[in-house]
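Colleague: Pasting a structure here, questions to come.
The values are calculated or read from the model by the stated rules, or taken from the named source; none is laboratory data. Predicted model only: the values in this text are computed from it and were never measured. As a convention, Cβ positions derive from the backbone with ideal geometry for all residues, glycine included, and neighbour counts pool all protein chains shown. Heavy atoms of the whole protein, side chains included, go into the accessibility calculation; ligands, DNA and RNA do not. Shrake-Rupley method; radii C 1.70, N 1.55, O 1.52, S 1.80 Å.
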Amino acid sequence: MSSGRERALGVGVQHVLDYLKRMQAENPAFFYAVEGDNDQSGGSIFWADATARTYYTYFGDTVTFDTTYRTNRYRVPFASFTGLNHHGQPVLFGCALILNDSESSFIWVLQTWLHLMAGRYPISITTDPDGIIQVAVSQVLPGSRHRFCKWGIFRETQEKLADLYQSHPTFEFEFKRCINEAETIQEFEASWESLLQRYNITDKEWLQSIYSAREQWVPLYMRDAFFGDLGLADRSEGLNTFFGGHVNASATIQMLIKQYEKAVANWHEKELKADYDTTNTSPVLKTPSPMEKQAAGLFTRRIFMKFQEELVETLANSATKIEDSGGVSTYRVAKYGEEHKAHTVSFNSFEMKATCSCRMFEYSGIICRHILAVFRAKNVLTLPSQYILKRWTRNAKSSSMTDENAPEVPVGPQESLTVRYNNLRQEAIKYVEEGAKSIYIYNVAMDGLQEAAKKVAAVKNKGPGAALDGNLANGSSKEFHTSGENHMLTFQSVDEKKKKIRELTVALESTNQRCEVYRTNLLAILKDMEDQKLKLSVKVQNARLSLKE
């Protein structure tokens, strides 16, 4: 960064720091940090609010680290961590001003962000194709699958090979088709070699370098890891999806905070609208399949539309068994007229699990048409639970995070305050979201919150010991046993609990067996119903044709 640019940023950086200090004073769950633990403008700055931290517990499986400013000559070195919510919309996990554009600063920003997120690694992370960032990610997130943004590669290719793009207008189309449409490694290799030979560019150093890194950006090589890509239009133009249109190349650092708040408010409004549409409107079903009806009630509207697209495509895809080994069958699935593009599906009938050579479920979390075609052939009428990814469902935010994903409770008093704030806020959000769905639930939720407010005020007025006294006065069972006799009673209680658990376990196993029988019978009935509907549909169609004749 030039000294002139540093001087221009100086006053603006202080403006940002003043804003962050004010936000933290107003909200103890708001977090910010300055590289080097000082408030000087020479170090990078990171911040995240409570919502960003809460959303990471729900949607932190795949992350995008957006550093568009480095390649688009932005005036402000603004970077962001984003993900995808259950509607496929971008959500924010944190922001940074990277004032010292160095490897050590990127490492610091990534480490600070990861620490705030309780050290929970994302499954995958997407960044611009940059050597400095690649080193930083490999050091801080060695357990995450690192992908270069494909559109960043396309952008740089256009810059590096500008003469070729001008002299051969068809090159861009063929280059992107080679990258996007290859379904096997052999197909990609052949297409790449053909492209180089056709345009006589085998000696281009840039193409050699991106080919060497193909396993980090060509989609074909990345499909064994979850990235949440659904082929949605707003994910196709690069990394800058959350702040696009708000923080751009012309924005100054003085404008940054205002634009940041606008973007956050804008996406919050879009999420609320998507929540409302999912809850209060019903999608149009296109088949008589019980699976489609099941998916319509489980997934958010946008995700259901993607699933529905795959389900409808099974009507044009046939599944042919090519091998049967014990409980595992192998199918060849191809679209009518496109047998040369067949996919292979392996199906385990005991575990109700299937894997497809297209790897769509592993990559996006949405089951593919090829597996659905096999399910159709095997009379699997409802989606097995392992193909219902909770992060894409209506209830993605409905329950608290599991112990496995829960952040460790910090020991510092300020951080403990932050944890308590986050936990309370997370519980309160549930009542807000549920309470807004109908006037009846709204009234119940409002009464409950007002009653809780009265209790909190009463305890606050009595002092710190009031909560314990209240528990004992109300006959709480959580007593402290100190005598040997009471210890013996506690042990007896434990033995009784173990006995009860064993009895309940036996009863549960018996219930599960009965449920499995009911499930089998129900599936048979549903299959008969579906067959009857199809027969009736054919009869109606024939009757209409007869009337026309």
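A quick yes/no check of all residues on (1) in a helix (DSSP H, G or I); (2) acidic (D, E); (3) open to solvent by 50 Å² or more (accessible area, probe 1.4 Å):
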site	(1), (2), (3)
D163	yes, yes, yes
I201	no, no, no
Y221	yes, no, no
D224	no, yes, yes
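Colleague: What about P122, is it within 24 Å of F31 (Cα to Cα), under 30 Å from the mean Cα position of the chain (by Cα) and surrounded by 20 or more Cβ atoms within 10 Å (Cβ to Cβ)?
Modeller: Working: within 24 Å of F31 (Cα to Cα): yes; under 30 Å from the mean Cα position of the chain (by Cα): yes; surrounded by 20 or more Cβ atoms within 10 Å (Cβ to Cβ): yes.
Yes: the conditions hold for P122.
Colleague: Further question: I'm checking my understanding of the structure. Among residues of segment 173-199 that are open to solvent by 90 Å² or more (accessible area, probe 1.4 Å) and polar (S, T, N, Q), which one is nearest to E156 (Cα to Cα)?
Modeller: Q197
Colleague: Within segment 259-308, work out how many residues are among the aromatic types (F, W, Y), in contact (Cβ under 8 Å) with a residue 12 or more places away in the chain and farther than 15 Å from L372 by Cβ. Break it down stepwise before answering.
Modeller: Initial filter on segment 259-308 (among the aromatic types (F, W, Y)): 260, 267, 276, 299, 304, 307.
Of the ones still in play, those that are also in contact (Cβ under 8 Å) with a residue 12 or more places away in the chain are 260, 267, 299, 304, 307.
If we keep only those that are farther than 15 Å from L372 by Cβ too, we end up with 260, 267.
Selection size over segment 259-308: 2.
Colleague: Closer than 23 Å to V34 by Cβ and without any contact (Cβ under 8 Å) to a residue 40 or more places away in the chain - does that describe any residue in segment 119-135?
Modeller: Yes, that holds for at least one residue.
Colleague: Just give me the residues in segment 344-362 being open to solvent by 20 Å² or more (accessible area, probe 1.4 Å) and either part of a strand (DSSP E or B) or in contact with a Phe, Trp or Tyr (Cβ under 6 Å, 6 or more places away or on another chain) (or both), in sequence order.
Modeller: The answer is T344, S346, N348, K353, T355.
Colleague: Further, regarding this structure: Among the residues of segment 135-142, is there at least one that is open to solvent by less than 20 Å² (accessible area, probe 1.4 Å) and either more than 27 Å from L230 (Cβ to Cβ) or modelled with pLDDT under 95 (or both)?
Modeller: Of segment 135-142, the ones open to solvent by less than 20 Å² (accessible area, probe 1.4 Å) are 136-137, 140-141.
Subset that is either more than 27 Å from L230 (Cβ to Cβ) or modelled with pLDDT under 95 (or both): 136, 140.
Looking for residues that are open to solvent by less than 20 Å² (accessible area, probe 1.4 Å) and either more than 27 Å from L230 (Cβ to Cβ) or modelled with pLDDT under 95 (or both), one finds at least one in segment 135-142, hence yes.
Colleague: Ok, one more. Just checking, how many residues over segment 363-379 are of a type in the set (F, W, Y) and surrounded by fewer than 23 Cβ atoms within 10 Å (Cβ to Cβ)? Give the derivation first.
Modeller: So in segment 363-379, the residues of a type in the set (F, W, Y) come out as 363, 375.
Now narrow it down to the ones that are surrounded by fewer than 23 Cβ atoms within 10 Å (Cβ to Cβ): 363.
Count: 1.
Colleague: Would you confirm whether any residue within segment 344-353 is out of contact with any helix residue (DSSP H, G or I) (no Cβ under 8 Å at 6 or more places or on another chain) and in contact (Cβ under 8 Å) with a residue 40 or more places away in the chain?
Modeller: Taking segment 344-353 first, the residues out of contact with any helix residue (DSSP H, G or I) (no Cβ under 8 Å at 6 or more places or on another chain) are 344, 346, 348-351.
From what is left, the residues that are in contact (Cβ under 8 Å) with a residue 40 or more places away in the chain are none.
Within segment 344-353 (the criterion being out of contact with any helix residue (DSSP H, G or I) (no Cβ under 8 Å at 6 or more places or on another chain) and in contact (Cβ under 8 Å) with a residue 40 or more places away in the chain), the answer is no, since none of the residues qualifies.
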